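All remarks here apply to the structure that follows.
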Amino acid sequence: QQKVQQSPESLIVPEGGMASLNCTSSDRNVDYFWWYRQHSGKSPKMLMSIFSNGEKEEGRFTVHLNKASLHTSLHIRDSQPSDSALYLCAARNTGYQNFYFGKGTSLTVIP
Amino acid sequence: DMKVTQMPRYLIKRMGENVLLECGQDMSHETMYWYRQDPGLGLQLIYISYDVDSNSEGDIPKGYRVSRKKREHFSLILDSAKTNQTSVYFCASSSGGNYAEQFFGPGTRLTVL
């Protein structure tokens, strides 16, 4: 059973537009969330992390977390073609070393 | 410079041959991981290592084994490779703290004919 679900599976946005990606965990013991970005043919690289309820902003990227619903979202404003990639959500329980990954959202930004 | 390395980057083997994938990290991380990534299936955890000679099965360990004799080095071994083991394999490491992220290697693309 997939412990982390991501939606949508794929997303197409115009250059300059806003991309919104969602991630929910079905494991109530999950405490920590990360967002990774993986460009085609490359390895995943950590984009943002969030561990507390609320919002965190880094440049064009904003991440939200609602711990009660175990839902996190990633928003990319002013999307650029270079943002085209697979975005992976990862979650982890306190004290455990296993990361649970979703299947990812494939984002395409069209010039 | 924090880095995870993987060798080889590309490998073609025939069914039944043995395969050795190697991973190294220079961050003295205790925890290391092997994943495979297939289209539509995401990252699947094969094995996790908590430190030297302290390894645990992940979600899909069948057909694989691992070895960790030094903290900075973690190997994935396929004894008698099968065609369904064709995949991209990623190694990762983490310092193990609750807030610690994973650092991934560049991946090995394995084709089993």
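The values are calculated or read from the model by the stated rules, or taken from the named source; none is laboratory data. The structure presented is a predicted model; accordingly, all values stated were derived computationally and were not measured. Here Cβ is always computed from backbone atoms with ideal geometry, including for glycine, and neighbour counts include all displayed protein chains. For the accessible areas, the whole protein counts, side chains as well, though only heavy atoms, and no ligand, DNA or RNA atoms are used. Shrake-Rupley method; radii C 1.70, N 1.55, O 1.52, S 1.80 Å.
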Task: Residue in the range A:10-29 that is open to solvent by less than 10 Å² (accessible area, probe 1.4 Å) and within 10 Å of chain B (Cβ to nearest Cβ) present - done: no
TODO: Check A:S43, A:S49 and return the single one that is within 13 Å of chain B (Cβ to nearest Cβ) and either among the basic types (K, R) or assigned to a loop (DSSP other than H, G, I, E, B) (or both).
DONE: A:S43
TODO: Scan the range A:62-98 for residues that are over 13 Å from the mean Cα position of the chain (by Cα), open to solvent by 10 Å² or more (accessible area, probe 1.4 Å) and either among the hydrophobic types (A, V, I, L, M, F, W, C) or within 14 Å of chain B (Cβ to nearest Cβ) (or both) and jot them down.
DONE: A:A68, A:N93, A:T94, A:G95, A:Y96, A:Q97, A:N98
- [ ] Have a look at B:Y10, B:Y33 and point out the one that is within 12 Å of chain A (Cβ to nearest Cβ), surrounded by 13 or more Cβ atoms within 10 Å (Cβ to Cβ) and touching a Ser or Thr at 6+ places or on another chain (Cβ under 8 Å).
- [x] B:Y33
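Taking the conditions exactly as written (over 19 Å from B:E57 (Cβ atoms), at pLDDT 95 or above, open to solvent by 50 Å² or more (accessible area, probe 1.4 Å) and more than 9 Å from chain A (Cβ to nearest Cβ)), does B:T83 satisfy them or not?
Values: over 19 Å from B:E57 (Cβ atoms): yes; at pLDDT 95 or above: yes; open to solvent by 50 Å² or more (accessible area, probe 1.4 Å): yes; more than 9 Å from chain A (Cβ to nearest Cβ): yes.
Judged against the criteria, B:T83 is a match.
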Task: Among the residues listed as A:F51, A:F33, the single one being in contact (Cβ under 8 Å) with a residue 12 or more places away in the chain, surrounded by 12 or more Cβ atoms within 10 Å (Cβ to Cβ), closer than 21 Å to B:Q37 by Cβ and hydrophobic (A, V, I, L, M, F, W, C) - done: A:F33
